[in-house]
Every structure is written in C-alpha cells, then in structure tokens.
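S.K.: The structure that follows is given in the form of structure tokens.
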Amino acid sequence: MDAIGILTHYKGTSVHDRWAPYDNYACTHALCNAHLLRYLKYLKEEMGREWASKMITLLVSANNLKQENKLGATAIRFIEEQYEQIIEQGITEEPPLVIPVIKKRGRIKKPKPLNLLEAFIDRREQILRFVHNKDVPFDNNLAERDIRMVKLKQKISGPRLRRDGAEVFCRIRSYISTARKQGYGILDAIEKALLENPIAVYQPY
C-alpha cells in the first residue's frame with residue numbers, strides 16, 4: 001500500500017473493512033457497513049443473536065433516511081440512542097471472555113460474536129460516520145466495483161498479462177471511472193484524451 005503512494009498522503013476519509021494495516025494511515029477512517037451487515041447477518045441467522053438483528057435494522061434504516069435526505073438532528077440523535085441501547089443488549093447477550101488458568105502462548109482468540117460486538121463499541125464513531133458526514137458513503141462498494149473490472153480483465157486475458165499492459169488497462173479504467181463520478185460524458189472524456197487534452201480528473205487540495 002505504501003508503494004502505491006495514495007494512502008500515505010491521503011487526508012480525506014477512507015472507507016474500509018477492519019483490516020488492521022489500514023489503521024496505520026493518518027487519514028480519517030470509516031468502516032464499510034456492507035461488510036458489517038454480512039457479519040451481523042451471520043450472527044443473526046447462525047447464532048441467534050438478537051442484538052445483531054436489531055443492529056441490522058438500525059443501520060439499514062439509517063442509510064435509507066440518508067438516501068431520502070431525512071437525516072436531521074432529531075433523526076441522528078435517535079439513531080445514536082438506539083445504537084447505544086443495542087450495544088447494551090449485546091453486552092448482556094454475549095458471555096464474557098473466559099481466560100484459562102493455564103495460559104497458552106499468544107493472544108486468546110475471542111468468539112466471533114464478542115469480537116464483532118467489541119468492534120461496534122470501540123469503533124462506533126467510524127461506523128456511524130456516514131450518518132454525520134453527508135459525503136461519507138454507507139459502504140465501499142463503489143471502490144470494489146471499480147476493482148472488479150481488473151479481475152474480469154485478468155480472467156479474460158489470463159494471469160500472464162504483461163505488467164506494462166496491466167498498467168495501461170488500469171490507467172484507462174481509472175480515467176473513465178473518475179470521469180463518470182465527476183459527471184463527464186464518457187465518450188467526450190475519451191475523445192479529449194485521444195486528442196491529448198484529457199479532462200482534469202485530479203483536483204489537488
């Protein structure tokens with residue numbers, strides 16, 4: 001990630017899963033709620049956790065309110081209150097971690113429900129950042145859709161695609177994707193690029 005040279009200088013908000021290396025970067029962090037919903041669904045359906053079921057409903061409802069532009073101060077306060085109540089229920093549902101008398105080497109592995117509950121406790125600000133900041137998305141699915149084209153190209157061309165060809169493909173896809181997000185017509189953007197007058201997709205701070 002350092003070699004790519006993006007996160008090392010990025011000062012905006014990075015929406016990601018809970019992979020620990022992301023926390024080493026000095027940007028603002030928000031968690032991808034699509035990932036969290038998958039974990040919560042597992043706890044609900046496979047382990048019968050009521051707190052997980054309620055958290056799913058809360059997160060989905062909060063996102064719906066955001067999509068409908070109804071996240072006023074009262075709605076945000078209600079979401080935060082419900083969030084805390086669900087956390088309290090989760091604490092009563094999850095048994096505490098039992099530390100054996102004879103300790104083994106390394107860290108004691110926590111049960112999945114307890115591990116996820118602790119994430120909702122410790123990272124509540126990152127999880128609810130999409131509620132407080134209109135520019136922060138609910139999930140990072142948009143980024144994953146952009147990456148999916150690279151995997152599709154790899155499947156079609158095979159894993160032996162030359163490095164220079166791969167870099168050209170990624171450069172083209174990045175240009176098109178950024179143009180679309182900034183509201184430019186794709187054909188117009190491509191034509192300008194071919195005429196050596198590409199649109200200014202990079203806006204420095």
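S.K.: Excluding residue 55 itself, what net charge comes from residues whose Cβ is under 14 Å from its Cβ, given Lys and Arg +1 and Asp and Glu -1?
M.R.: Spelling it out: positives minus negatives among the neighbours equals -2.
S.K.: Local charge sum around residue 93 (other residues, Cβ-Cβ under 12 Å, Lys/Arg +1, Asp/Glu -1)?
M.R.: 0
S.K.: Want the number for residue 11 to residue 60: 0.36 nm per residue separation, take away the alpha-carbon distance, what's left?
M.R.: In short, 14.9 nm is gained.
S.K.: Assign one of three labels to segment 58-100, namely rounded, prolate or oblate, based on the Cα gyration tensor with a ≥ b ≥ c the square roots of its eigenvalues; rounded applies when a/c is under 1.5, prolate when it is not and a/b is larger than b/c, and oblate otherwise.
M.R.: prolate
S.K.: Pop a pseudo-label 7 angstrom from the Cα along the beta-carbon direction at both residue 26 and residue 194 and give the gap in nm to one decimal.
M.R.: 4.4
S.K.: How would you rank 51, 19, going from fewest to most other Cβ atoms within 10 Å of each one's own Cβ?
M.R.: Lowest to highest Cβ neighbour count: 19, 51.
Readers should treat all values here as calculations from the given coordinates under stated rules, not as data from a laboratory. In this text the structure is predicted, and so the values were computed from the model without any measurement. Counting neighbours? That spans all protein chains shown, and the Cβs are built from the backbone with ideal geometry, glycine included.
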